[in-house]
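The values are calculated or read from the model by the stated rules, or taken from the named source; none is laboratory data. In this text, all values refer to a predicted model and were calculated from it rather than measured experimentally. Cβ sites come from the backbone with ideal geometry, for glycine too, and all protein chains shown count toward neighbours. For accessibility, only protein heavy atoms count, side chains too; no ligands or nucleic acids. Shrake-Rupley method; radii C 1.70, N 1.55, O 1.52, S 1.80 Å.
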Amino acid sequence: MEWITQLQQIVGKDHVKQSRAQLAAYSFDATAGFQAMPDAVVSPESTEQIAAIMNVCRTYKVPLVPRGSGTNLAAGTVPSQGGIVLLFNRMNQIIELDEDNLCVTVQPGVITLDLATYVESHQLFYPPDPSSMKISTIGGNVSENSGGLRGLKYGVTKDYVMALTTVLPNGTILKTGGKLAKDVAGYDMQSLLVGSEGTLGVVTEITLKLIPLPKAQKTGIAYFTSLEAAGKTVSEIIAAKIIPATLEFMDRGTMDAVEQFMNLGLPQDAEAMLLMEQDGDEEAVTRDVEQMIALAIKNGATHTAVASSAEEALRLKAGRRAALSALSRKRPTTILEDATVPRSELAKMVRAIEEIAIRNQVEIHTFGHAGDGNLHPTCLTDSRDVEEMKRVEQAFAEIFEVAISLGGTITGEHGVGEMKSPYLEWKIGAEGIDLMRTLKQAIDPDNICNPGKMFAKSTKPRVVLHYG
Ligand SMILES: Cc1cc2nc3c(=O)[nH]c(=O)nc-3n(C[C@H](O)[C@H](O)[C@H](O)COP(=O)(O)OP(=O)(O)OC[C@H]3O[C@@H](n4cnc5c(N)ncnc54)[C@H](O)[C@@H]3O)c2cc1C
């Protein structure tokens, strides 16, 4: 094909892969149930090469799907309309650490944990910490506006993006932002690009804000015999003007799976667990953790503990960290979802998820970021069982419906991609979809960049819910 020859001329023959095995390896991502073969997998080494690739794609109307590590959970990197998968494995350099302006400039293929470790070695801190950070890329984090366990206190990726270089669908190279704390010149195009999931262009260079590394950190844990008591503790912690660095949650089903997997000796009578962490100055950290534990006890926590060393902290955190791996051992297919509600509605949402799972005869357990209401109802299922998958889909539709009715959203951090696209209108309304489509059409009139993502062919009909 003529366009393949042109791509080979741009990046070199070795960096355009076309064998069946290579194409199959990039036909899916971390999302269950979605797969499609690309026509080629291309690894450029510079912004200029990506601009040239974009021009070829535009001329020949070839879809271009940017892909970091493919850890997204919304089928965002599945090449559902064929075309090329664009990799950043040759664009993974930390370009500059600027300690005067407290920022770091990187290529999109840098692994999140590598960046965090690098800046920490300079006593600096990059707070966004998606659970996938050992493998996710910064380009993927920016394009999904990823959050993490520290989101409540420190915010999410968008709060740290200072400047971007982006190759637009018309082949031009756009630079936005800079090393500035303040910049209000014109429309905030950078905010539009962050979280745009590769649908508006390809991000090729990123400058991220850093902050000083906190001096101390402390971890506590509390187990409750009711979800409501855990939920009340979360609200009272915030009402007491404590903003914990992390405040994580697991339900009974998740704890059972963790216990079977790791034998940690988790309390048998607990219905919910809260993992609490604070960082900052030593004195404030100790005071905040003691106060959080006191609030948990006041609300009826049956078991509590505070780590007195880094090793003990790791032990307390081990259960929550293993939640997903423990759950995914139970059935062939694991669907990790991302419904988010105001934190005051946490207990109500978890109860609703339990009822929905029972009504639809599917197995769903929930863990997540209690501090910011970002829950991960996780369905243990088998994608080969067509009947069961229909019930799973119905259950998730009901979960999203309830999340929205409680003032929440269909995704707090995993993005829309292809999987959530039918639900987007539920959250942003027909006017929201119209405006987003107008923007997409203006920036990418040929629909080259990650087509089929974000905008569904049709909206999911609202499910009819029967409560009580
Ligand atoms: C076990 C597990 C835990 C997770 N935990 C979290 C979590 O705590 N918080 C969270 O937010 N997410 C989480 N995720 C989801 C996922 O890891 C994040 O969305 C992450 O940011 C994706 O990074 P990636 O490099 O894998 O990107 P990919 O999955 O490769 O891509 C994600 C999207 O960004 C686009 N893209 C990638 N690079 C570029 C680029 N340079 N320019 C333009 N578009 C680009 C892709 O087209 C795609 O739409 C988790 C996933 C897993 C599997």
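Any residue in the range 52-67 that is assigned to a loop (DSSP other than H, G, I, E, B), closer than 19 Å to Thr137 by Cα and either among the β-branched types (Val, Ile, Thr) or in contact with an Asp or Glu (Cβ under 7 Å, 6 or more places away or on another chain) (or both)?
The answer is no; no qualifying residue exists.
Name every residue in the range 24-46 that is among the aliphatic types (A, V, I, L, M) and either in contact (Cβ under 8 Å) with a residue 24 or more places away in the chain or within 16 Å of the ligand (Cβ to nearest atom) (or both), in order of residue number.
Within the range 24-46, Ala25, Ala30, Ala32, Ala36, Met37, Ala40, Val41, Val42 meet the criteria.
Return the residues of the range 63-81 that are more than 12 Å from the ligand (Cβ to nearest atom) and open to solvent by less than 10 Å² (accessible area, probe 1.4 Å); say none if nothing qualifies.
Scanning the range 63-81 gives no hits.
How many residues does the range 121-160 hold that are more than 8 Å from the ligand (Cβ to nearest atom) and of a type in the set (S, T, N, Q)?
2
Looking only at the range 261-291, how many residues end up being buried (at least 20 other Cβ atoms within 10 Å of the Cβ), out of contact with any Asp or Glu (no Cβ under 9 Å at 6 or more places or on another chain) and among the aliphatic types (A, V, I, L, M)?
Number satisfying all stated conditions: 1.
Please give the number of the condition Glu425 fails out of (1) within 20 Å of Asp29 (Cα to Cα); (2) assigned to a helix (DSSP H, G or I); (3) in contact (Cβ under 8 Å) with a residue 12 or more places away in the chain.
(1)
Go through the range 113-142 and give me each residue that's free of Cβ contacts under 8 Å to residues at least 40 places away in the same chain and open to solvent by 10 Å² or more (accessible area, probe 1.4 Å).
Those that are free of Cβ contacts under 8 Å to residues at least 40 places away in the same chain and open to solvent by 10 Å² or more (accessible area, probe 1.4 Å): Leu113, Asp114, Thr117, Tyr118, Ser121, His122, Asp129, Met133, Lys134.
So which pairs qualify, if the first residue must be in the range 361-375 and within 19 Å of Ala397 (Cβ to Cβ) and among the acidic types (Asp, Glu), the second must be outside any helix (DSSP H, G or I) and open to solvent by 10 Å² or more (accessible area, probe 1.4 Å), the Cβ gap must be under 8 Å, and the two must be at least 6 apart or on different chains?
From residues that are within 19 Å of Ala397 (Cβ to Cβ) and among the acidic types (Asp, Glu), the pairs are Glu363/Lys330; Glu363/Arg331.
For Phe249, which of the numbered conditions (1) modelled with pLDDT of 95 or more; (2) crowded, with 16+ Cβ neighbours inside 10 Å; (3) not charged (D, E, K, R) fails to hold?
(1)
Under the condition of being at positive phi and surrounded by 21 or more Cβ atoms within 10 Å (Cβ to Cβ), which residue from the range 390-430 is nearest to the chain's Cα centre (by Cα)?
Checked the range 390-430; the qualifying residue nearest to the chain's Cα centre (by Cα) is Gly415.
Which one of the conditions (1) in a loop (DSSP other than H, G, I, E, B); (2) in contact with a Pro (Cβ under 6 Å, 6 or more places away or on another chain) does Asn89 fail to meet, given that it meets all the rest?
(2)
Taking the range 26-45 as the search range and keeping residues that are touching a Gly at 6+ places or on another chain (Cβ under 7 Å) and acidic (Asp, Glu), which one is surrounded by the fewest Cβ atoms within 10 Å (Cβ to Cβ)?
Looking at the filtered set, the residue picked out is Asp39.
For the range 1-21: of the residues being farther than 28 Å from Thr165 by Cβ and assigned to a helix (DSSP H, G or I), which is least open to solvent (accessible area, probe 1.4 Å)?
Filtering first and then ranking leaves Ala21.
Name the pairs: first residue in the range 70-91 and within 14 Å of Ala24 (Cα to Cα), second residue of a type in the set (D, E, K, R) and assigned to a loop (DSSP other than H, G, I, E, B), Cβ to Cβ under 7 Å, at least 6 apart or on different chains?
Gly70/Asp29; Thr77/Asp29; Val78/Asp29; Val78/Glu418; Ser80/Glu418; Gly82/Asp39; Gly83/Asp39; Ile84/Asp39
Within the set of pairs 6 or more residues apart or between chains, which connect a residue that is within 16 Å of the ligand (Cβ to nearest atom) inside the range 180-203 to a residue that is among the polar types (S, T, N, Q) and in a loop (DSSP other than H, G, I, E, B) with Cβ atoms less than 6 Å apart?
Close Cβ pairs satisfying both conditions: Val194/Asn145; Gly195/Asn145; Gly198/Asn450; Thr199/Asn450.
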